[in-house]
Amino acid sequence: MKPIFELSQLTVEFRSPLETVTAVHGLDLVVNEGESFAIVGESGSGKTVSMMATMRLLPTPPAHVAAEAMRFEGRDLRAMDRRAWRQLCGERIAMVFQDALTALNPVYTVGWQIGEMFRIHRPAMSRREIRERTIGLLAEVGIPEPQQRVNDYPHQFSGGMRQRAMIAMAIALEPAFLIADEPTTALDVTVQAQLMDLLARLKAERGMSMILITHDLGLVSENADRVAIMYAGSVMETGAVDDVLTRPRHPYTLGLLASRPQAVRKGEKLSSIHGSPPNLARKPEGCPFHPRCQMARPVCRTSKPALIAEASGHGVACHVVNPPDTAATPPREPARADR
Amino acid sequence: MSSTDHPLGTPPDEAETLLTARRPAYLHFLVRDPFALASAIWLLLIVLFATLGPLLLGDAATDMNLRARNLPLGSIENSWLGILGYDPLGRSVLARCIVATQTTIGIAAAAALAALTIGTIVGLYAGYTGGRTGRVIMQLSDIVQSFPSLLLALFVLYMLEPQPLNIVLVLAFGQIPIYLRVARAEVLELRERLFVDAARVLGAKPRQILARHIGPLVLPVVINIVTIDFALIMLSESSLSFLGLGVQSPSITWGVLVAQGREYLQSAWWISFFPGLMIMLTTLSINLLANWLRRVRDPRERWRFDRARHTGRRR
Amino acid sequence: MQYYVVSRLAQSFISLIGLVILVFFMIRMTGNPADLYLPDDVSAAARQAFIELHRLDDPIILQFGRFIGDLVHLDLGTSIRQGRSAAVIVLEAYPTSLALAAISMSIALVLAILLGVWAAVRPTGVVDRTISVLSLAGASAPNFWVALTLISIFAVGLQLVPTSGIGGWDHWILPVAVLVLRPLGLLSQVVREAVIRSLSAPYIRTARSKGAPDRSILYVHALRNASLPILTMAGNQAVAFINGSVVIETIFGFPGVGKLIIDAIVQRDFAVVQAAVIITATVIFLLNIVIDLLYALLDPRIRHS
């Protein structure tokens, strides 16, 4: 299994004179070729910020991005100058965003926006060719009457169709890697299912690798190969989807799975995880989850647990699961070098 | 305190409350912005001039001294008042500028206040009553607003005499639609809120509801506008006075002073220059301060004020 | 789209009618209209004769009917000074004012976009703060004062341009320069704010993720979305030009509508003043239609609503 995308000790901070918010803290991630990797977490867990940071979509005066390594197809992403990076974007890596109504420019037609991919990266293409390819893409993602729809504006599409159009835009140049940030969150369940099917089909047909960012565990179990569960900027548990969801080990994962409506019998009270996510400007020392953890021990308050993986790749960051005296290596310090 | 005691989960600790509920320390931010600080100081000076000017310098502004006719800038031999020069009747330009402050500011303030009061009340009424009356009022307001204010003022003043009261009313009239529109918009939004229904159910009369409940919420928005509006009115009044169709002799405003210097542009440019400069500095100060205030009150912009301390490298 | 155009047209037309009605009643509220036409020192007999001649003591409704009738025939009264149709006098003066307005607005708009975008790219940088203060200064300066100052420096002092009058292109430099100042100041601030707001929208992020070059992000993606508030302010300023032209034309002796109005007021030529007001209202009506059409052109969401 060859890795296509690697992140090592990614840290993202938002610095202001009043405070520093650490949105992502020491994130490690490896996505292999052809794989669907899900990043799961509640709002504020850092799942979106980590990908935005990698894609250089965060304004870097308030944001500070640091990492030990950031590699795509073996190339060091941090070392790329702006021109090389802009060539990569859209061509090899593409992103699909959450709400197509705001993610698409309201004053230009959908056809124009999809065509922009070609205008930027394939300057030799003629306008007619671009139009034909665009119509073809719309058809491929399942939009009916693409010849008419290509001249329509985003607000003239329904939610599901709009999201399909955005997917069409992302796959226009046949990228090897797709990052989908909550692609179905704004849509209703039936449309969700259709869209995920579409993504799965495209992925299989084009041999794409994918990162799927979501808070929906159901989506993960049906569509992803591997998963990382994030909380307050760090990974709590990671591994193959089957492993993690059927044999969860981290207290947070346990809490998440227990709080699903399907986890209780009819008539029983729904369970939930007490407390709320921490203020990311003043995170507690030690394990970020310990204030809400039922199994917290004294050591959890003082030292941050490292992500320790067993041979199967199933890793957990928890002192209770991996008591400190059996830890192989001490926790590492995140890199401090500025971009 | 364990997390299971508190009904909403972990309660925020004291430090967290302080940090997230911080109210802006206005003076602190004022000092940090040199433009805003300068504006504030200038406006304080203006208030000083307006209140004490005629009292202290009244004579210097009106006494004619034909030996000092059109003396240039910096003629401080006889008196420091000559520092900005003299006008064709030998009166100190500086003294006249300072004395004119009272009438200028007075008219503008009166007009602004009148516009604010009338506009807000009518707007509240229009918004609360709604229906046809509300729409008709809005239509009338739109008509007045869509027409250039100076032209409207000139037209109305043609028909009335250019007495100070008429000028104030005419200037106010042009600005009423702004407050009307804003007040009405606020009322329309607030009218649907629960607390208004509650008051109505308890038997409160519309007038009471407007005054007690909706009014206080509309006030901050309206006050925000009046600062800029005041500056606009001042500019309008200056234009009217400059054209000779505003305040008449012997009252003086800055606009009148500029007009008086117009025929001496070649020989004694300072007569027109300094009164006009005062108009500009005052308007500019009001605008800068209003800008500053808006930025300080917006929590998202506040961090920019401490930028000098921030040493992060730029992208 | 058609519905939008028609409804906006109707709206503006109602405004126009409303203004005309307002004008009519305002005149009669302040006393007998005869006093507006006649000089102060007219004898009582002459005044009465005038009133009877123009049937100014007829019931209001009758007068209103006649007023509307005259309007429909495009008869806005006769100038006392020149003995000609007031409407024609006003319309003769309009081209000069329109030319001044068009030139000034174009220059102001182009400069404002350049400056505003420049400031928006690096907010709170030195460039931004400078442009901010200069814009504010431009918008705060009383136009008559700036005009006199510029005349002092460039016409009288340096003798680079003529002091007043209309003639060759050099006569236009100072008036245009003064008229550009306020809209430039206000528009560049609006451009700046609107572009900054556009740049923080999600679709900009999408464009970046597509690898779009910065120039395209600014001028194609962001600016187009910022155009509505810019157009609104531009429209406001276009109307405000009339205010400016009254003063500037008077100072520079340009034979436009502004100077015409002031002269008419001083000479108590009421027919001309009234005609100018009504014609200006009509011009504003037409301008609003143009602006509404531009709105629809710039934002497809308005077109389809």
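Got at least one residue in segment A:53-69 being more than 8 Å from every other protein chain (Cβ to nearest Cβ), out of contact with any Leu (no Cβ under 6 Å at 6 or more places or on another chain) and under 30 Å from A:Leu254 (Cα atoms)?
Yes, the conditions are met somewhere in segment A:53-69.
Looking at segment C:133-154, is at least one residue surrounded by fewer than 21 Cβ atoms within 10 Å (Cβ to Cβ) and farther than 29 Å from B:Ala38 by Cα?
So far as segment C:133-154 goes, yes, one or more of its residues are surrounded by fewer than 21 Cβ atoms within 10 Å (Cβ to Cβ) and farther than 29 Å from B:Ala38 by Cα.
Could you tell me whether B:Thr282 is within 14 Å of another protein chain (Cβ to nearest Cβ), on the phi < 0 side of the Ramachandran plot and modelled with pLDDT under 80?
Criteria not met by B:Thr282.
Looking at (1) in a helix (DSSP H, G or I); (2) among the aliphatic types (A, V, I, L, M); (3) under 30 Å from C:Ile153 (Cβ atoms), which is the only condition B:Ile214 fails?
In the conditions (1) in a helix (DSSP H, G or I); (2) among the aliphatic types (A, V, I, L, M); (3) under 30 Å from C:Ile153 (Cβ atoms), B:Ile214 misses (3) alone.
Residues that are assigned to a helix (DSSP H, G or I), aromatic (Phe, Trp, Tyr) and at pLDDT 85 or above: does segment A:229-238 have at least one?
no
Return yes or no: is C:Leu174 closer than 30 Å to C:Val246 by Cβ, of a type in the set (A, V, I, L, M) and touching a Gly at 6+ places or on another chain (Cβ under 7 Å)?
no
Looking only at residues that are assigned to a loop (DSSP other than H, G, I, E, B) and of a type in the set (Ser, Thr, Tyr) in segment A:149-198, which one is farthest from the other protein chains (Cβ to nearest Cβ)?
Checked segment A:149-198; the qualifying residue farthest from the other protein chains (Cβ to nearest Cβ) is A:Thr184.
Taking interchain pairs and intrachain pairs at least six residues apart, which have beta carbon atoms under 8 angstrom, with the first residue in segment C:148-163 and farther than 23 Å from B:Gly255 by Cα and the second part of a helix (DSSP H, G or I) and small (Gly, Ala, Ser)?
Here the result reads C:Val161/C:Ala155; C:Pro162/C:Ala155, each pair linking segment C:148-163 to a residue that is part of a helix (DSSP H, G or I) and small (Gly, Ala, Ser).
Among the residues of segment C:94-104, is any over 18 Å from the mean Cα position of the chain (by Cα) and either of a type in the set (Gly, Ala, Ser) or closer than 23 Å to C:Phe241 by Cα (or both)?
no
Among (1) of a type outside the set (S, T, N, Q); (2) within 29 Å of C:Gly125 (Cβ to Cβ); (3) without any contact (Cβ under 8 Å) to a residue 12 or more places away in the chain, where does A:Ala23 come up short?
Failed condition: (3).
Do we have any residue at all in segment C:33-48 that's at pLDDT below 80 and farther than 30 Å from B:Glu237 by Cα?
yes
Scan segment A:138-147 and tell me whether some residue there is within 14 Å of chain C (Cβ to nearest Cβ) and farther than 22 Å from A:Thr54 by Cα.
Within segment A:138-147 (the criterion being within 14 Å of chain C (Cβ to nearest Cβ) and farther than 22 Å from A:Thr54 by Cα), the answer is no, since none of the residues qualifies.
Each row is one residue, and each column tells you yes or no for (1) hydrophobic (A, V, I, L, M, F, W, C); (2) in contact with a Cys (Cβ under 8 Å, 6 or more places away or on another chain); (3) within 23 Å of C:Gly165 (Cα to Cα).
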residue: C:Gly235; (1), (2), (3): no, no, no
residue: C:Phe252; (1), (2), (3): yes, no, yes
residue: C:Gly258; (1), (2), (3): no, no, yes
residue: C:Asp263; (1), (2), (3): no, no, yes
residue: C:Thr280; (1), (2), (3): no, no, no
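Restricting attention to segment A:206-233, which residues are more than 16 Å from A:Asp181 (Cβ to Cβ), of a type outside the set (A, V, I, L, M, F, W, C) and touching a Phe, Trp or Tyr at 6+ places or on another chain (Cβ under 9 Å)?
Selection gives A:Asp225, A:Arg226, A:Tyr231.
Kindly list, by first and then second residue, each pair from a residue in segment B:79-98 that is basic (Lys, Arg) to a residue that is in a loop (DSSP other than H, G, I, E, B), limited to pairs with Cβ atoms under 9 Å and residues at least 6 apart or on different chains.
Here the result reads B:Arg91/B:Asp63; B:Arg91/B:Met64; B:Arg91/B:Asn65; B:Arg96/B:Asp87; B:Arg96/B:Ile252, each pair linking segment B:79-98 to a residue that is in a loop (DSSP other than H, G, I, E, B).
Being away from every other protein chain (no Cβ under 14 Å) and of a type in the set (A, V, I, L, M) narrows it down to one of A:Val107, A:Val40, so name that one.
Every option except A:Val40 fails the conditions.
Within the group A:Gly275, A:Gly313, which residue is closer than 25 Å to A:Ala180 by Cα and part of a loop (DSSP other than H, G, I, E, B)?
Residue meeting the stated conditions: A:Gly313.
Please state which one of A:Lys269, A:Lys304, A:Lys283 is surrounded by fewer than 13 Cβ atoms within 10 Å (Cβ to Cβ) and either part of a loop (DSSP other than H, G, I, E, B) or under 25 Å from the mean Cα position of the chain (by Cα) (or both). So that I can check it myself, show each step before the final result.
Details: A:Lys304 fails: surrounded by fewer than 13 Cβ atoms within 10 Å (Cβ to Cβ); A:Lys283 fails: surrounded by fewer than 13 Cβ atoms within 10 Å (Cβ to Cβ).
Result of the check over A:Lys269, A:Lys304, A:Lys283: A:Lys269.
Taking helices (runs of 4 or more DSSP H) that fall entirely within segment C:222-305, which contain at least 2 residues that are surrounded by 19 or more Cβ atoms within 10 Å (Cβ to Cβ)?
Numbers: elements: C:223-252, C:257-266, C:270-298, C:300-303.
The qualifying helices (runs of 4 or more DSSP H) are C:223-252, C:257-266, C:270-298.
Quick one: count up the residues across segment B:170-205 that are buried (at least 20 other Cβ atoms within 10 Å of the Cβ) and either at pLDDT 85 or above or acidic (Asp, Glu) (or both).
13
Please count how many residues of segment C:191-221 are touching a residue at least 24 places away in the same chain (Cβ under 8 Å), under 21 Å from A:Arg162 (Cβ atoms) and buried (at least 20 other Cβ atoms within 10 Å of the Cβ). Step through it out loud before you land on a result.
Going through segment C:191-221, the residues touching a residue at least 24 places away in the same chain (Cβ under 8 Å) turn out to be C:191-199, C:201, C:218-219.
Now drop any that are not under 21 Å from A:Arg162 (Cβ atoms), which leaves C:198, C:201.
When the remaining residues are screened for being buried (at least 20 other Cβ atoms within 10 Å of the Cβ), the result is C:198.
Residues that pass the stated criteria total 1.
Can you go through B:Leu113, B:Leu71, B:Leu81 and tell me which one is surrounded by 19 or more Cβ atoms within 10 Å (Cβ to Cβ) and assigned to a helix (DSSP H, G or I)?
One residue alone meets the criteria, B:Leu81.
Assess whether A:Ala79 counts as being under 27 Å from A:Phe14 (Cα atoms) and over 20 Å from the mean Cα position of the chain (by Cα). Talk me through it step by step, then tell me what you get.
Working: under 27 Å from A:Phe14 (Cα atoms): yes; over 20 Å from the mean Cα position of the chain (by Cα): yes.
When the stated conditions are applied, A:Ala79 passes them.
Enumerate the strands (runs of 3 or more DSSP E) found wholly within segment A:45-120, keeping only those where 1 or more residues are surrounded by fewer than 22 Cβ atoms within 10 Å (Cβ to Cβ).
Per the criteria, A:63-66, A:69-72.
Being among the aromatic types (Phe, Trp, Tyr) and more than 8 Å from chain B (Cβ to nearest Cβ) is the filter here; which residues of segment C:127-159 pass it?
C:Phe154
The values are calculated or read from the model by the stated rules, or taken from the named source; none is laboratory data. Just so it is clear, the model here is predicted, and its values are computed rather than measured. Quick reminder, even Gly has a Cβ in these numbers, built from the backbone with ideal geometry, and neighbours come from all protein chains shown.
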